[in-house]
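The structure under discussion appears below in the form of structure tokens.
The values are calculated or read from the model by the stated rules, or taken from the named source; none is laboratory data. Note that the structure is predicted; figures quoted are calculated from it, not measured. Note: ideal-geometry Cβ built from the backbone for every residue, glycine included; neighbour counts use all protein chains shown.
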């Protein structure tokens, strides 16, 4: 007798599918050749089960599976391996079969799933003595093997190899990937700057602030003010929303669904990476950095990638796309893990770049899918980013709160300079830095702050986090910012026009922008915008121009 390993694998897959699909528990009957195979197969099934596994061995004095299930907490549901039925004395075995039949409603109400292990001959007893139970079963699976120990062990080993990774293993591997991918500040888009160092994101990150429009009624309400009592301009101001400045972390605590708008380089994608890293590093990091007392699995996705996939497969759902996207990044099949956390409301979906979808029609369709995803999994967190200019055509609306990232203020610039300098000076070092290094970092930070704040044009650039990072890098190359403004501006233009755009894709695939049939590279961007910039410099020094003039 040979072992049909493929049949074993197929049956094991069906058992796992049945256990995942059930909402109120099920009864699966597993027939094995003997007690040794029952024990070994139970171990394999315990490794394969996604839920919490319990073992129950039939007691000759009171062989009631339902009584045991009644002792288990109802949440979370368990997978119970019911073993040893055929090892009971004959009289106790018959009593156990009677109990199973009489207590089938109690088994159902318990809400747990049970795998009842028996020998093939016992199936006949079940059919005749527990007919109602037999009719209620969800499936019957046979694992038969010869007595040859070598063949049996080989079959079990091959069966184990066919198993997908348990969910906890998948979770650890995924979180390790997130930590490795987002631990360091990504400076790939600044390729023209020499001698880059690895700077930890969490150590230099300056919390972003945002502006939000408050539409609370003013005092006094406009309807209580007579038209003639105030000038028209004052009446208009009464009806206008009030803009309030808040920390993005505070907004995150207040709104489980959030849209974060911002200009290029304002820190939208970095904010999502910071969130993903905090959630990946565990509850302590989440509490310390975000002020959130919750455990969530971060799922950071560039929406442009999903839009590209929809062109090839228009009916592709977001939940089908997610594991495909991560498989392309070299991760194992995360489908079971992602489905579990979404269904249980344990995910933080971080969706980057709604505006980067090419056409307005695709953008609107994608916005609809994001709203549908949020409606299907309402207990999860959602944070969506977009540039300001591209959001109006496809707003999410509804219960998504919308905020706009505020420019850095002088205190933010100072804070960044000190964090950057210390991280730069201690790059590659472990533990607390010695006092001389701390002092040198403080001195260089103050040098950088003076170089920025001493020149209004440079300080205006520094209100943008990306451009501030470029300034810090150039400063640490030994270049004096005021004396090299032409070179400084050239580096900033290159970063924004090409290399930053090519490198910032979360997936590692460049984001190409096209005008007609020509890609918008640095040469094309400068060729188009340099005459406009020169004209504005001469004619519109304030930086504002009417659309018709442009």
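When region 421-467 is filtered for residues that are modelled with pLDDT of 90 or more, closer than 17 Å to residue 264 by Cα and in a helix (DSSP H, G or I), the ones remaining, listed by number, are 462, 465. Residue 93 fulfils the conditions (1) free of Cβ contacts under 8 Å to residues at least 60 places away in the same chain; (2) assigned to a helix (DSSP H, G or I); (3) in contact with a strand residue (DSSP E or B) (Cβ under 7 Å, 6 or more places away or on another chain) except for a single criterion, (3).
Selection of first residues in region 251-266 that are farther than 19 Å from residue 408 by Cβ and not assigned by TED's automatic domain parsing to the domain that holds residue 211 and of second residues that are modelled with pLDDT of 90 or more and not in a loop (DSSP other than H, G, I, E, B), restricted to Cβ pairs under 6 Å at least 6 apart or on distinct chains, gives an empty result. Within region 7-30, the only residue that satisfies the criterion of being part of a loop (DSSP other than H, G, I, E, B), over 14 Å from residue 116 (Cα atoms) and in contact with a strand residue (DSSP E or B) (Cβ under 8 Å, 6 or more places away or on another chain) is 22.
Applying the condition of being under 18 Å from residue 167 (Cα atoms) and touching a residue at least 60 places away in the same chain (Cβ under 8 Å) to region 17-41 and asking which residue is surrounded by the most Cβ atoms within 10 Å (Cβ to Cβ) yields 19.
Evaluation of residue 176 against the conditions (1) more than 30 Å from residue 432 (Cα to Cα); (2) at pLDDT 60 or above; (3) out of contact with any helix residue (DSSP H, G or I) (no Cβ under 6 Å at 6 or more places or on another chain) shows that the sole unmet condition is (1). Can you tell me which residue among 125, 68 is crowded, with 20+ Cβ neighbours inside 10 Å, part of a helix (DSSP H, G or I) and free of Cβ contacts under 8 Å to residues at least 60 places away in the same chain? After ruling out the rest, the residue left standing is 68. Comparison of 292, 308 shows that the only residue that is more than 30 Å from residue 213 (Cα to Cα), in the same structural domain as residue 396 (by TED's automatic domain parsing) and at pLDDT below 95 is 308.
Evaluate the following for residue 366: is it touching a residue at least 60 places away in the same chain (Cβ under 8 Å) and within 30 Å of residue 21 (Cα to Cα)? For residue 366, the condition - touching a residue at least 60 places away in the same chain (Cβ under 8 Å) and within 30 Å of residue 21 (Cα to Cα) - is met. Going residue by residue through region 284-303, is there one that turns out to be in contact with a strand residue (DSSP E or B) (Cβ under 9 Å, 6 or more places away or on another chain) and assigned to a helix (DSSP H, G or I)? Within region 284-303, one or more residues are in contact with a strand residue (DSSP E or B) (Cβ under 9 Å, 6 or more places away or on another chain) and assigned to a helix (DSSP H, G or I).
Here residue 147 passes the criteria (1) surrounded by 15 or more Cβ atoms within 10 Å (Cβ to Cβ); (2) more than 41 Å from the chain's Cα centre (by Cα); (3) touching a residue at least 60 places away in the same chain (Cβ under 8 Å) except the one numbered (1).
Please go through region 31-49 and pick out each residue that is closer than 24 Å to residue 111 by Cβ and touching a strand residue (DSSP E or B) at 6+ places or on another chain (Cβ under 8 Å). Selection gives 42, 45, 46, 49. Has region 353-367 got any residue that is farther than 20 Å from residue 304 by Cβ and buried (at least 16 other Cβ atoms within 10 Å of the Cβ)? There is no residue in region 353-367 that is farther than 20 Å from residue 304 by Cβ and buried (at least 16 other Cβ atoms within 10 Å of the Cβ).
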